[in-house]
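The values are calculated or read from the model by the stated rules, or taken from the named source; none is laboratory data. Every value quoted in this text rests on a predicted model; they were computed, and no experiment measured them. Ideal geometry is used to build each Cβ from the backbone, glycine not excepted, and the neighbour counts take in all protein chains shown.
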Amino acid sequence: MSFARQFRLALVAALGALSLATVAIAQPVTVTDLHGRTITLPAPAKRIVLAQGRQLNALGLLHPDPLSLLAGWGSDHQRQNPDAYARYRSRFPAIESIPTVGDGGTEGGFSLEKTVALAPDLVVLSGSLAGTRRGPGDILQRLEAAGIKVAVVDFYLKPLSDTVPSLRILARLIGREQQAEEFIRFYEGRLGEIARRLEGVERPSVFIHAHAGGPDCCGTPGKGTFDDFITAAGGSNMSAPLVPGATGQISLEQLISSDPDVYVATGGTHMAKSGGLVLGLGVPPDTAKASFAKLLAHPGIATLSAVRNGKASAMWQLFNDTPLHVVAIEALAKWVHPERFADIDPQATLREAARFSAIPLDGTLWLDPRDAGGRP
């Protein structure tokens, strides 16, 4: 075969491969979101607005540089999750130049006008902002009327039923299906092992004290959010009959009279200014333990049987809106049923989860009963 003919054949093959690659890239993407709506994009999304900024924590499990996909995002991430924000800023300095579209974590905080002005190819709404809990309920419709594609995903309101489909929805929309399926195998594998060990157990009463140590007592989940974690960990949510919504408040007197078998406080770096429980990415163990000891010494909390009997522990509040909650459920199961999880190490599970994460997962994300002077 002559050199000229070899060259022509090679050129044809190269052009054919380039054409196929171009077709593959340009193919439209179709997905059904949590509201049963069909969304079609001409190609995987490259300019996304996260109406609720803390959903970056999920996006960062699917993409090694999630900030590169953002046209804008909610400012709630920096307010609620400053420890994670600091890690994103360290690894991706461009985070500071990404426009914000209001605080999607507060009522009426999301700015429709700012979002439309950014001309994104996709807006991601949480279940809350899509009208199921917060917001006017017409944000989705108004965005669609402006010609903007919208997908609803959620990791907060019904985490055990919505996390896997939400991951698949996001992954499909950004072309990261393989990464999602790898994480889902890990996620479902850990939950499956927890469920297997809990077959036939009695369910002790568990109280989750949300944002513990702040000025108000006592925030707690009703039906939803951490309630799902308690159920998956083999417990019974003490607050479920007392709180009608996903979250709410009970009085300290109600907590003392109910006297749960297990007490779990949640906190974060956002609680430092109010003197509350401080946990989170980058938080040293001594800082976390000191804030926990202060909380447990509160006259009302100190009287609880769970505190006196070594059944008090603590976890990071921001586990409540990320697929990493699988680690929190494992830790919670170990606290509620220590005899069934003696050989399980949630810290090892966190290390395994960290290989999916765009940022380091260092720091103190929970405290065991032994950190409060109780039994391991």
Does the range 84-105 hold any residues that are in contact with a Ser or Thr (Cβ under 7 Å, 6 or more places away or on another chain) and β-branched (Val, Ile, Thr), and which are they? Thr100, Val101
Does Arg375 satisfy being over 27 Å from Gln52 (Cβ atoms), at pLDDT below 95 and surrounded by fewer than 22 Cβ atoms within 10 Å (Cβ to Cβ)? yes
Looking at the structure I just gave you, is Thr163 surrounded by 18 or more Cβ atoms within 10 Å (Cβ to Cβ) and farther than 24 Å from Gly60 by Cα? no
Single match in Arg142, Arg168 (criterion: over 18 Å from the mean Cα position of the chain (by Cα), in contact (Cβ under 8 Å) with a residue 12 or more places away in the chain and not assigned by TED's automatic domain parsing to the domain that holds Ala293): Arg142
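Residue-wise test of (1) farther than 14 Å from Gly267 by Cα; (2) in contact with a helix residue (DSSP H, G or I) (Cβ under 9 Å, 6 or more places away or on another chain); (3) not polar (S, T, N, Q).
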{"position": "Ala288", "(1), (2), (3)": "no, yes, yes"}
{"position": "Ser291", "(1), (2), (3)": "no, yes, no"}
{"position": "His298", "(1), (2), (3)": "yes, yes, yes"}
{"position": "Thr303", "(1), (2), (3)": "yes, yes, no"}
When you scan the range 285-376 for helices (runs of 4 or more DSSP H) that lie fully inside it, which ones turn up with 3 or more residues that are touching a Leu at 6+ places or on another chain (Cβ under 8 Å)? 285-296, 325-336, 346-354
With the first residue restricted to the range 273-297 and required to be assigned by TED's automatic domain parsing to the domain that holds Gln317, and the second required to be at pLDDT 95 or above and hydroxyl-bearing (Ser, Thr, Tyr), Cβ contacts under 6 Å at 6 or more apart or on different chains are Leu277/Ser291; Val278/Thr287; Val278/Ser291; Leu279/Thr364; Val283/Thr364; Pro285/Thr364; Ala288/Thr364
Here are some residues: Ser291, Ser274. Which one is surrounded by 15 or more Cβ atoms within 10 Å (Cβ to Cβ), of a type in the set (Ser, Thr, Tyr) and out of contact with any strand residue (DSSP E or B) (no Cβ under 6 Å at 6 or more places or on another chain)? Ser291
Every residue in the range 56-86 that is at pLDDT below 95 and either closer than 16 Å to Val123 by Cα or not hydrophobic (A, V, I, L, M, F, W, C) (or both), please. Asn57, Gly74, Ser75, Asp76, His77, Gln78, Arg79, Gln80, Asn81, Pro82, Asp83, Tyr85
Here the qualifying pairs (Cβ atoms under 9 Å; residues six or more apart or on different chains; first in the range 36-65 and of a type in the set (D, E, K, R) and in a loop (DSSP other than H, G, I, E, B); second modelled with pLDDT under 95 and surrounded by fewer than 24 Cβ atoms within 10 Å (Cβ to Cβ)) come out as Arg37/Leu140
I'm trying to understand the selection: among the residues of the range 81-100, which are aliphatic (A, V, I, L, M), in contact with a helix residue (DSSP H, G or I) (Cβ under 7 Å, 6 or more places away or on another chain) and either surrounded by fewer than 18 Cβ atoms within 10 Å (Cβ to Cβ) or outside any helix (DSSP H, G or I) (or both)? Ala94, Ile98
Any idea which residue in the range 176-192 is surrounded by the fewest Cβ atoms within 10 Å (Cβ to Cβ), counting only those that are touching a residue at least 60 places away in the same chain (Cβ under 8 Å) and not basic (Lys, Arg)? Glu182
